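Trainee: Supplied in structure tokens, the structure appears directly below.
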Amino acid sequence: QFVTFRVGRQEFAFDILQVERILRYSEPSPLPKAPEFLDALHDYQRIRRRDGAMRWGVYYDAENPGVYLENFVVESWAEHTRQHDRFTVADLKFEGRVLSLVLESPKTRHFLYANRVEGVSPVHEPKR
């Protein structure tokens, strides 16, 4: 069995046994105190990096003003679970500052690297 999906005009298929979970897109909510939020989130970057983030960034949605996405990459799922163990009481201050500036609780989503499945490639439309 395969899970199939489209990205633009390309269709992809993965062996269902290679898929850990399927997430539905949920609409993000706007943020009225953006400058203060961005300041707090950039301060929070230090904690993410200390706890193993190899890359970190915050992005804004060009089509929805006031909507932001924090993204960070760690080496493995095991490394991510260890991040929770490294969280300190002092870190609560930084997290509290970020959370005090949002309208609703942030939605945490986990994306895992999708390895290419041998023998399965993008389905291309026939050439004419």
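Trainee: Students sometimes get this wrong: rank Phe12, Phe87, Phe111, Phe37 by accessible area, probe 1.4 Å, all chains present, largest first. Don't skip to the end; give the middle numbers.
Mentor: Values: Phe12 50, Phe87 70, Phe111 150, Phe37 20 Å².
Listed by decreasing accessible area, they come as Phe111, Phe87, Phe12, Phe37.
Trainee: Which net charge results when you count Lys and Arg as +1 and Asp and Glu as -1 among the other residues whose beta-carbon is under 11 Å from that of Pro106?
Mentor: Working: positive: Lys107, Arg109; negative: Glu70, Glu95, Glu104.
With Lys, Arg at +1 and Asp, Glu at -1, the net is -1.
Trainee: Residue by residue through the stretch 58-71, which ³J(HN,Hα) values in whole Hz follow from phi under the Karplus form 6.51 cos²θ - 1.76 cosθ + 1.60 (θ = phi - 60°), with glycine and proline marked x?
Mentor: Using θ = phi - 60°, the values come out as 10, 10, 10, 8, 5, 8, 10, x, x, 10, 10, 9, 8, 9 Hz.
Trainee: If you add up the charges near Glu36, with Lys and Arg at +1 and Asp and Glu at -1, over every other residue whose beta carbon is less than 12 angstrom from its beta carbon, what do you get?
Mentor: Net charge around Glu36: 0.
Trainee: Still on this model: Efficiency by 1/(1 + (r/R0)^6): what FRET value for Leu38 and Asn115, r their Cβ-Cβ distance, R0 = 30 Å, to the nearest 0.05?
Mentor: Details: r = 34 Å, r/R0 = 1.14.
With a Förster radius of 30 Å, E is 0.30.
Trainee: How much net charge surrounds Met54 when only other residues with a Cβ under 13 Å from its Cβ are counted (Lys, Arg +1; Asp, Glu -1)?
Mentor: The answer is +1.
The values are calculated or read from the model by the stated rules, or taken from the named source; none is laboratory data. Not measured: the values here are computed from a predicted model. Here the Cβ is made from the backbone with ideal geometry for all residues, glycine too, and neighbour counts use every protein chain on show. Please note that ligands, DNA and RNA were not included when accessible areas were found on the heavy atoms of the full protein model with its side chains. Shrake-Rupley method; radii C 1.70, N 1.55, O 1.52, S 1.80 Å.
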